[in-house]
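This report concerns only the one structure given below.
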Amino acid sequence: MDSLTQIVLGAAVGEAVLGKKIGNKAPIYGAIAGTIPDLDVLANPFLDAVQQLHFHRSISHSLIIQLLISPLFGYLFYKMNGKNKDTFKDWTLLVFLGFTTHSLLDTCTTWGTQLFWPFSHYGFATYSVFVVDPHYTLPFMVCLIWAMFLPKDNYKRTLLNYIGIIVSTSYLLLGFVFQQHARTVFTEALTEQGIPFSEDRMIVKTTPLNIFLWSASIDSQDKYYTGFYSIFDSDKNVNFQSLEKHHELLQEVEQTEKLKDLLYITKGYYTIEKVDDHTYNINDLRFGSFDGWKGKGEGKIVFVYEMKLENDPNNPSKKLQVFTQKSYKKVQGLDYFKQYFKRVYGNKTHITTPSNAKES
């Protein structure tokens with residue numbers, strides 16, 4: 001999740017653990033604990049594109065590592081602030097919950113979180129909430145800030161904090177419910193349109209800023225299909241767009257460990273484009289396409305990894321594979337967001353819905 005959301009979540013956890021004892025210091029240190037796991041990005045200048053993908057949400061997000069280091073941070077915070085009422089155990093619990101709730105919330109997004117590093121590098125992801133969602137963050141933040149203006153021994157302070165936690169958690173749970181409903185709609189539409197698919201090779205993920213409009217990425221033989229459905233749609237018609245995989249293009253290049261690592265990160269949801277004899281684009285389909293919700297096959301893939309083949313100065317007969325991450329980001333105006341949220345809330349008047357899947 002975004003930094004603000006993790007700060008709010010960590011602060012609420014800190015308040016729940018130590019708010020009654022130390023007042024506003026509790027949410028402040030909870031916010032610090034909730035921020036620490038994302039400091040792994042400080043290593044980015046020392047890593048290449050593929051290494052960054054592997055390192056982010058790995059060591060610092062591992063539940064195992066967090067269990068081991070929480071007492072160290074707990075002891076540090078206790079020595080800095082400890083008094084008669086709060087204990088080393090209290091501070092360790094605050095840090096541990098700040099760390100682990102951060103990782104578990106990240107797991108709900110699309111990127112993937114290595115919860116069991118170093119024993120597993122698998123990135124757990126439920127795809128049930130977008131990395132930035134004001135529906136989740138704002139009510140949570142309002143309750144927390146309101147609580148912080150009240151005395152630490154005021155029962156309303158505790159009540160407000162728990163209301164924020166309950167509301168935000170309920171929103172996450174609602175996301176799982178909507179996700180399963182959307183999956184059912186996608187499954188029925190794929191069957192009706194005669195598109196071959198497997199349940200375990202379909203990702204159903206939420207779209208930016210909400211849990212109402214859902215996108216599906218389906219691995220189907222030599223193609224991938226994508227489609228969109230809002231829980232507010234008046235019908236269950238889904239316009240699936242298709243993309244050729246072109247995985248065979250990678251047979252032209254050496255299967256290096258770095259290339260294998262990148263393909264592993266995509267969980268097999270990728271397409272290949274050959275730009276020229278020395279350049280290939282690997283499109284990560286887990287994050288979908290920008291503007292794909294318009295249903296016209298015009299969307300730009302959000303995350304693209306460019307692989308350039310360069311001469312090895314130490315071995316002229318060998319080619320080095322140099323990877324660069326290219327994120328498609330485009331600043332949009334108010335009109336764009338008006339159209340987008342119309343689609344989120346079920347308005348499909350600008351969406352074409354042919355009876356059969358369409359090639360893009």
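Key figures for this structure:
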{"item": "Residue check for Ser60: under 24 Å from Phe323 (Cβ atoms) and touching a helix residue (DSSP H, G or I) at 6+ places or on another chain (Cβ under 6 Å)", "result": "yes"}
{"item": "Near pairs, Cβ below 8 angstrom, 6+ apart or cross-chain, from region 241-256 (under 15 Å from Ser220 (Cα atoms)) to any residue that is among the charged types (D, E, K, R) and assigned to a loop (DSSP other than H, G, I, E, B)", "result": "Glu244/Asp222; Lys245/Asp222"}
{"item": "Whichever residue in region 296-319 is touching a helix residue (DSSP H, G or I) at 6+ places or on another chain (Cβ under 9 Å) and in a loop (DSSP other than H, G, I, E, B) and, among such residues, is surrounded by the most Cβ atoms within 10 Å (Cβ to Cβ)", "result": "Gly299"}
{"item": "Residue in region 191-200 that is within 22 Å of Tyr270 (Cα to Cα) and free of Cβ contacts under 8 Å to residues at least 12 places away in the same chain present", "result": "yes"}
{"item": "Residue list for region 162-202, restricted to those being hydroxyl-bearing (Ser, Thr, Tyr) and buried (at least 17 other Cβ atoms within 10 Å of the Cβ)", "result": "Ser168, Tyr171"}
{"item": "Residue identified as in the same structural domain as Val344 (by TED's automatic domain parsing) and without any contact (Cβ under 8 Å) to a residue 12 or more places away in the chain among Asn314, Asn237", "result": "Asn314"}
{"item": "Any pair with Cβ under 7 angstrom, 6 or more apart, that starts in region 211-230 at a residue that is more than 17 Å from Phe290 (Cα to Cα) and ends at one that is acidic (Asp, Glu)", "result": "Asp222/Glu244; Lys223/Glu244"}
{"item": "Scope region 259-280; condition crowded, with 17+ Cβ neighbours inside 10 Å and either in a loop (DSSP other than H, G, I, E, B) or in contact (Cβ under 8 Å) with a residue 40 or more places away in the chain (or both); matching residues", "result": "Leu259, Leu262, Ile265, Thr266, Lys267, Tyr269, Thr271"}
{"item": "Ile211 being modelled with pLDDT of 90 or more, under 18 Å from the mean Cα position of the chain (by Cα) and surrounded by 13 or more Cβ atoms within 10 Å (Cβ to Cβ)", "result": "yes"}
{"item": "Residue identified as among the hydroxyl-bearing types (Ser, Thr, Tyr) and free of Cβ contacts under 8 Å to residues at least 12 places away in the same chain among Thr207, Thr169", "result": "Thr169"}
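Let's see how each residue does on (1) among the β-branched types (Val, Ile, Thr); (2) under 22 Å from Ile145 (Cβ atoms):
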position	(1), (2)
Ala12	no, yes
Ile22	yes, yes
Ala31	no, yes
Ala49	no, no
His54	no, no
Arg57	no, no
Ser70	no, no
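Conditions (1) in contact (Cβ under 8 Å) with a residue 12 or more places away in the chain; (2) among the basic types (Lys, Arg); (3) not in a helix (DSSP H, G or I), marked per residue:
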residue	(1), (2), (3)
Ala16	yes, no, no
Leu53	yes, no, no
Ile64	yes, no, no
Leu68	no, no, no
Lys83	yes, yes, yes
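Matching residues to (1) under 26 Å from His181 (Cβ atoms); (2) more than 27 Å from the chain's Cα centre (by Cα); (3) of a type in the set (A, V, I, L, M):
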{"residue": "Ala216", "(1), (2), (3)": "yes, no, yes"}
{"residue": "His246", "(1), (2), (3)": "no, no, no"}
{"residue": "Leu263", "(1), (2), (3)": "no, no, yes"}
{"residue": "Ile272", "(1), (2), (3)": "no, no, yes"}
{"residue": "Asn283", "(1), (2), (3)": "no, no, no"}
{"residue": "Phe290", "(1), (2), (3)": "yes, no, no"}
{"residue": "Val322", "(1), (2), (3)": "no, no, yes"}
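Yes/no matrix, rows are residues, columns are (1) on the phi < 0 side of the Ramachandran plot; (2) at pLDDT 95 or above; (3) small (Gly, Ala, Ser); (4) not in a helix (DSSP H, G or I):
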{"site": "Val131", "(1), (2), (3), (4)": "yes, no, no, yes"}
{"site": "Leu138", "(1), (2), (3), (4)": "yes, yes, no, no"}
{"site": "Trp146", "(1), (2), (3), (4)": "yes, yes, no, no"}
{"site": "Leu150", "(1), (2), (3), (4)": "yes, yes, no, yes"}
{"site": "Leu159", "(1), (2), (3), (4)": "yes, yes, no, no"}
{"site": "Tyr171", "(1), (2), (3), (4)": "yes, yes, no, no"}
{"site": "Leu174", "(1), (2), (3), (4)": "yes, yes, no, no"}
{"site": "Ala182", "(1), (2), (3), (4)": "yes, yes, yes, no"}
{"site": "Val204", "(1), (2), (3), (4)": "yes, yes, no, yes"}
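The values are calculated or read from the model by the stated rules, or taken from the named source; none is laboratory data. Keep in mind that this is a model prediction, so the values were computed, not measured. Cβ atoms come from the backbone with ideal geometry, glycine included; neighbour counts cover every protein chain shown.
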